[in-house]
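Chemist: Can you read through this structure? Questions will come right after.
The values are calculated or read from the model by the stated rules, or taken from the named source; none is laboratory data. Small disclaimer: the values here were computed from a predicted structure and weren't measured. Every residue, glycine among them, receives a Cβ derived from its backbone with ideal geometry; neighbour counts consider all protein chains shown.
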Amino acid sequence: MWQLGSNFASTGTLPAPLAVMSVIGAEARSGALFINLAATLARVAASFVLAMALGTALGVAMGRNKSIDRLCDPLLIVLLNLPALVVIVLAYIWVGLNETAAIAAVVLNKLPNTAVTLREGTRALDEGLDEMARVFNLPLGTKVRHVVVPQLAPYLAAAMRSGLSLVWKIVLVVELLGRSNGVGFEIGIAFQLFDVTRLLAYALPFVGLMLAIETFVVQPVERHVSRWRPHGA
Amino acid sequence: MELDISIVRKAFRTASGQTRVVLHDVAFSLRKGEICALLGPSGCGKTTLLRIISGLDSDFEGWVRLPSRHRIGMVFQEPRLLPWRSVAQNLRLVGSSSENDFAEIVVALRLSKHLDHFPGELSLGLARRVAIARAFAVKPDLLLLDEPFVSLDASLAARLREELLALVLKRAATTLIVTHDVEEAISLADRIIVLSAAPGRILADRTIEAPREALTEARAIKIKEEIQSLMANASS
């Protein structure tokens, strides 16, 4: 279909698959493809882990404690609705054009999402099981691992799903605006040259990588945590 | 383990802002190894009393005295198992039982075939058996049971009662069992406390004089009639 489309469109708008493949090959041979992919992936991983950890902590705290909830709720609403671009530009201006600012900007974009999801999850925790854990005097570690986390697992999975997609979209924007490597940076250059072939040559391997992570990491984890459900989730 | 309890007053605040007294002047103590049944019409505060003793509810006037180091095994009205853990894991999580004790409990409650199942795959009767097994797996000094056999068919309930009794006697756990079934109370307990309708007070506190093993049919019927007439008065 792509091939068919490229026959009709001009080369500048939609290049043929083979042309894109040859650019991917050339970039791979020079090593630039892998260096950029690795740089982007490292940023995705760092900001994803940070956003999940901080967002989960905040969400659980807000779900458990009414005063924390009231205190943080307005901030959360602001962060949820603040355009990603505003956060990114402010981070670069205030912190500087460096890695810390880049990661912080992505984390701030994802964190409110995670917090809201996990707050709902915490509010929905089963009180009966909590009482059971108290009467049987389960140690805190056991309680968290066997009573609380399994109940939060669907919420964590939902936050991770939407989180991964959000984070990698924003990482690319962050790279475009203020980093000198990564997939986003390369796409920025391609944009300046109106080079669609090069743009696709960087976008496609990245999409493939994200699909692979989804299929081989996220889905097996989900299947494992929901194996107790009689009919699957 | 000895249990000493005195509740002067326990009240709930209703949604409309009124206070509803559920327990009033309920005081008794249990000797170590005593098996006490708590009878009373529904809504008289039996479950509330169990929650107070187990420490889940501390908002009341009065006191509960338990030895400083004690282990509580509790069977709630619903099984309250962890759906995401297998039967074996559910039992081991709470338990400090040795392998031998664990195997013994599993055999007594006939759970050997179900250890790898998840609670969602069990019938209610089986899930209740797992909940009872779990209460024993902690090697309880104090065993609290909240209508553990309700909604089970009569023959299964009778068999479970026997299994429960055997385990309680072996472990010599002080036991408090909430029920509204007089026959169940007589067949299990060596002491019966009858609560009035809300606000619950103690109407009667009977020790079944004859040791349970020597309880004759005629005697059991007599006790049953006595308690039933008490309860009839209580709810009228």
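Per-residue answers, yes or no, for (1) among the acidic types (Asp, Glu); (2) surrounded by 14 or more Cβ atoms within 10 Å (Cβ to Cβ); (3) more than 14 Å from the chain's Cα centre (by Cα):
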residue	(1), (2), (3)
A:Pro83	no, no, yes
A:Val89	no, yes, yes
A:Ala101	no, yes, yes
A:Asn113	no, yes, no
A:Arg119	no, yes, yes
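Chemist: Right, another one. Would you point out which residue out of B:Ser58, B:Ser68, B:Ser29 is hydroxyl-bearing (Ser, Thr, Tyr), without any contact (Cβ under 8 Å) to a residue 40 or more places away in the chain and closer than 13 Å to B:Thr174 by Cα?
Modeler: Only one candidate passes the filter, namely B:Ser29.
Chemist: Now, a different point. Name the one entry in B:Leu23, B:Leu49 that is within 19 Å of B:Met74 (Cβ to Cβ) and assigned to a helix (DSSP H, G or I).
Modeler: None of the other options fit; the residue is B:Leu49.
Chemist: Shifting gears a bit: Any residue in region B:75-88 that is assigned to a strand (DSSP E or B) and under 24 Å from B:Asp25 (Cα atoms)?
Modeler: no
Chemist: Can I ask one more? Going by what's in this entry, would A:Ser47 be described as without any contact (Cβ under 8 Å) to a residue 24 or more places away in the chain, assigned to a helix (DSSP H, G or I) and not hydrophobic (A, V, I, L, M, F, W, C)?
Modeler: Taking the combined requirement at face value, the residue does not satisfy it.
Chemist: Return the residues of region A:113-170 that are in contact with a helix residue (DSSP H, G or I) (Cβ under 8 Å, 6 or more places away or on another chain), more than 8 Å from every other protein chain (Cβ to nearest Cβ) and not in a helix (DSSP H, G or I); say none if nothing qualifies.
Modeler: The answer is A:Ala124, A:Leu125, A:Asp126.
Chemist: Separate question: B:Arg85 - would you say it is under 24 Å from B:Ala172 (Cα atoms) and among the basic types (Lys, Arg)?
Modeler: Taking the combined requirement at face value, the residue does not satisfy it.
Chemist: Of the conditions (1) surrounded by fewer than 21 Cβ atoms within 10 Å (Cβ to Cβ); (2) closer than 23 Å to A:Thr142 by Cα; (3) modelled with pLDDT of 90 or more; (4) at the interface with another protein chain (Cβ under 9 Å from one of its Cβ atoms), B:Arg71 fails just one. Which one is it?
Modeler: (3)
Chemist: Out of everything in region B:160-184 that is assigned to a helix (DSSP H, G or I) and touching a Lys or Arg at 6+ places or on another chain (Cβ under 9 Å), what residue ends up being farthest from B:Glu104 (Cα to Cα)?
Modeler: B:Val182
Chemist: Evaluate the following for A:Val78: is it β-branched (Val, Ile, Thr) and either within 17 Å of the chain's Cα centre (by Cα) or loosely packed, with under 13 Cβ neighbours inside 10 Å (or both)?
Modeler: Considered against the rule, which asks whether it is β-branched (Val, Ile, Thr) and either within 17 Å of the chain's Cα centre (by Cα) or loosely packed, with under 13 Cβ neighbours inside 10 Å (or both), A:Val78 comes out as yes.
Chemist: Go through (1) modelled with pLDDT under 85; (2) among the hydrophobic types (A, V, I, L, M, F, W, C); (3) in a helix (DSSP H, G or I) and name the single condition A:Ala233 misses.
Modeler: (3)
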